[in-house]
Amino acid sequence: MRVSDLALNLYSYSIPRQLNTWTEKTAAGKEKPVPSEDEKRLMETCRDFEAIFLGELLKSMRKTIPQGGLLAKSFGQDVFQSMLDTEYAKIMAQSRSTGLAEILFQQLSHYR
């Protein structure tokens, strides 16, 4: 499997979830109110924080993998791996896989 195929699969998985974000209905069958500009910015900030958190998690997980193999690890490979982990973290945050951004949003929206 090529890396581009994996990234495309993750990206195509996140698009439908993003499109349905504003059209979800509540239990009463009413549509959710359109969020204000402050709420949009707060949610974006919460998603960014979740992406940073997941990036650090991926970096820590990567350190537990034993080094070695056929080729020596180079600086370019380290940079690429770091950039790839950052993109994976962004995709994971956008797909709402952990729910951390939503929890942060609920907690922080009480203080506005």
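Each value in this text was obtained by applying a stated rule to the coordinates, not by laboratory testing. All values reported here derive from a predicted model rather than from experimental measurement. Here the Cβ is made from the backbone with ideal geometry for all residues, glycine too, and neighbour counts use every protein chain on show.
The overall shape of the stretch 48-105, judged from the alpha-carbon gyration tensor, is prolate: a/c is not under 1.5, and a/b is greater than b/c. Rounded to whole numbers, the Karplus 3J(HN,Hα) couplings from phi for the stretch 79-89 are 5, 4, 4, 5, 5, 5, 5, 4, 5, 4, 4 Hz, using 6.51 cos²θ - 1.76 cosθ + 1.60 with θ = phi - 60°, and x at Gly and Pro. By the count of other C-beta atoms within 10 Å, a proxy for reagent exposure, 47, 96, 41 are ordered fewest to most as 41, 96, 47.
Estimate the FRET efficiency between residue 45 and residue 95 by the formula 1/(1 + (r/R0)^6), using the beta-carbon distance for r and 25 Å for R0, to the nearest 0.05. E(calc), rounded to 0.05, equals 0.90. Using R₀ = 41 Å, calculate the FRET efficiency as 1/(1 + (r/R₀)^6) where r is the Cβ-Cβ separation of residue 103 and residue 73; round to 0.05. Working from the Cβ atoms, E equals 0.65.
The count of lysine pairs in the stretch 31-112 with alpha-carbon distances below 17 Å, taking only pairs 8 or more places apart or on different chains, stands at 4. Packing, as the average of other Cβ atoms within 10 Å across residues, places the peptides 97-109, 56-68 in the order 97-109, 56-68, highest first.
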